[in-house]
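Below is one structure; the comments refer to it alone.
The values are calculated or read from the model by the stated rules, or taken from the named source; none is laboratory data. Every value quoted in this text rests on a predicted model; they were computed, and no experiment measured them. Here the Cβ positions follow ideal geometry from the backbone for every residue, glycine too, while neighbour counts run over all protein chains shown. Calculation scope for accessible area: heavy atoms of the full protein, side chains included, ligands and nucleic acids excluded. Shrake-Rupley method; radii C 1.70, N 1.55, O 1.52, S 1.80 Å.
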Amino acid sequence: APVQDWGMAAGQYPSLAPAHVLFEQQAQRVPHHTALITETTELTYAQLNAAANRLAHRLIAQGVGPDVLVGIAVERDAPMVIALLAVLKAGGGYVPLDPKFPRERLQQMIEDSRIALLLTQSHLRQALALDAQVQCLLLDTPEDGSGADSDPLNRVHADNLAYVIFTSGSTGRPKG
């Protein structure tokens, strides 16, 4: 077969809905089923959806919307999943930043992606060496009550950014 035919699936896809909308539909169908289990946390679909919605509404209030990139530098646990889902629900794209990366590499990734907002945790903030222009939203501080539990209105289309992933780059400088 010619190269241009590779990967051409003939199947019909039932929905072009974004992943976060499909998650919301699942949360409506089976709200009390377990959605997430980590070493420290177990959340149902309803609990995970509500937590992501509260954060998504806060992100929207901060100006996050389609094609707005939000950095996420958190430990691999429930807050990471909540943050990823919340950014998508707000309409933004996420930029995963591994807090274990060297400080210089993180700085390059933050500069290159031009994020203006970073979701992180208190104990990781110092290690990130952020510029003054980058606003931090700490996920481990008490919520201010500004976020509603309801699903935000879907504001994205299939051609909007969902995420930016960085490679190591052939020059040694990360490339998104």
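Please report the net charge: other residues with Cβ closer than 12 Å to the Cβ of LEU153, K and R +1, D and E -1. Could the numbers behind the result be given before it?
Working: positive: LYS89, ARG155; negative: GLU24, ASP151.
That works out to 0.
When the Karplus curve 6.51 cos²θ - 1.76 cosθ + 1.60 is applied with θ = phi - 60°, which whole-Hz ³J(HN,Hα) does each residue of region 105-110 get, with x for Gly and Pro?
For region 105-110, the Karplus curve yields 5, 4, 4, 5, 5, 5 Hz.
Could you do me a favour and compute the accessible area per residue for region 25-93, 1.4 Å probe, result in Å²? Walk me through the intermediate numbers first.
Working: 3090 Å² over 69 residues.
I get 45 Å² per residue for region 25-93.
Using θ = phi - 60° and the Karplus curve 6.51 cos²θ - 1.76 cosθ + 1.60, what whole-Hz ³J(HN,Hα) does each residue of region 69-81 get, with Gly and Pro shown as x?
8, 10, x, 10, 10, 9, 5, 6, 7, 3, x, 5, 5
What does the charge dipole of region 19-126 about its Cα centre add up to, to the nearest 20 debye, if the Cβ of each Lys and Arg holds +1 and the Cβ of each Asp and Glu holds -1?
Numbers: 10 positive and 10 negative charges, 38 e Å.
That gives a dipole near 180 debye.
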